[in-house]
1. Which condition number in (1) touching a residue at least 60 places away in the same chain (Cβ under 8 Å); (2) not in a helix (DSSP H, G or I) is the one that Glu13 fails?
2. Looking at this structure, is Phe76 closer than 29 Å to Val149 by Cα, surrounded by 12 or more Cβ atoms within 10 Å (Cβ to Cβ) and either over 19 Å from the mean Cα position of the chain (by Cα) or at pLDDT below 85 (or both)?
3. For the subset of the range 47-61 comprising residues that are closer than 19 Å to Asn115 by Cβ and part of a helix (DSSP H, G or I), which member is farthest from the chain's Cα centre (by Cα)?
4. If you go through the range 33-46, how many residues are open to solvent by 80 Å² or more (accessible area, probe 1.4 Å) and either within 17 Å of the chain's Cα centre (by Cα) or among the charged types (D, E, K, R) (or both)?
5. Please give the number of the condition Ser92 fails out of (1) in contact with a Ser or Thr (Cβ under 7 Å, 6 or more places away or on another chain); (2) at pLDDT 85 or above.
6. Against the definition (under 30 Å from Ala145 (Cα atoms), open to solvent by 40 Å² or more (accessible area, probe 1.4 Å) and more than 14 Å from the chain's Cα centre (by Cα)), how does Val64 come out, yes or no?
7. With (1) under 30 Å from Cys171 (Cα atoms); (2) open to solvent by less than 50 Å² (accessible area, probe 1.4 Å); (3) not acidic (Asp, Glu) as the list, and Ser92 as the residue in question, which single condition is left unmet?
8. Which residue pairs have Cβ atoms under 6 Å apart, sit 6 or more places apart or on different chains, and have a first residue in the range 108-127 that is more than 18 Å from Arg70 (Cβ to Cβ) and a second that is in a helix (DSSP H, G or I)?
Amino acid sequence: MSSLSLELQALRESHETLTDLGKHIAAGRWLNACAITILCYDTFLTLSDEVELLWPKKWSLIKVFTHLNRFLSLVFISLNAVHLVALRRGFSNLFCEVVLVSTGFGAFIGFAACNWILLARTKALLGDTRWINHLLVAYYLAAYAATGVFVTHTSVSLISKIFYSNTMKVCAIVLRPKSMGK
């Protein structure tokens, strides 16, 4: 399918005007700029504490997850900024597929890492209450196994519907989930 026919199909399925879509894209670009600003602010604000308190510690799962989360946030916010903030024009459909699908998996991994850190903090607060710790770990594993299945299924379902819109200068998807209403 050509990019133009995908754009027209997306417009039909969205039930929105071009003006409304343009406003939503502009809002998305501003929100991405805000995310980059918050990421930079958080990094500069906490880096000295991180260097002092975390870097000298021996490597552990928590340390790996902390660094992984910091790295993934930077990579995926930057990748999305390239197309959302329109730093460059004229991407390929393949670029959009890779960016959008990898962002979904990156968010999944980032949330899993953050929640594992939260789980470790909860365990530290609860102490040696083994049955609660085992229950929390089992819940975490079940929740993220199910989420991983959903992310994978969604990515496989959407990949053929992702394209670069030359009109709006943004990566897009030909789909309006029923959960989003009319």
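The values are calculated or read from the model by the stated rules, or taken from the named source; none is laboratory data. Remember, it's a predicted structure, so these values are computed and weren't measured experimentally. Here Cβ is always computed from backbone atoms with ideal geometry, including for glycine, and neighbour counts include all displayed protein chains. Accessible surface areas use protein heavy atoms only, side chains included; no ligands, DNA or RNA. Shrake-Rupley method; radii C 1.70, N 1.55, O 1.52, S 1.80 Å.
1. Here Glu13 meets the rest and fails (2).
2. Criteria met by Phe76.
3. Leu54
4. The total comes to 2.
5. (1)
6. When the stated conditions are applied, Val64 passes them.
7. Unmet for Ser92, out of (1) under 30 Å from Cys171 (Cα atoms); (2) open to solvent by less than 50 Å² (accessible area, probe 1.4 Å); (3) not acidic (Asp, Glu): (2).
8. Once the first residue is more than 18 Å from Arg70 (Cβ to Cβ) and sits in the range 108-127, its partners that are in a helix (DSSP H, G or I) give Leu119/Leu136; Leu119/Tyr140; Lys123/Asn133; Leu126/Ile132.
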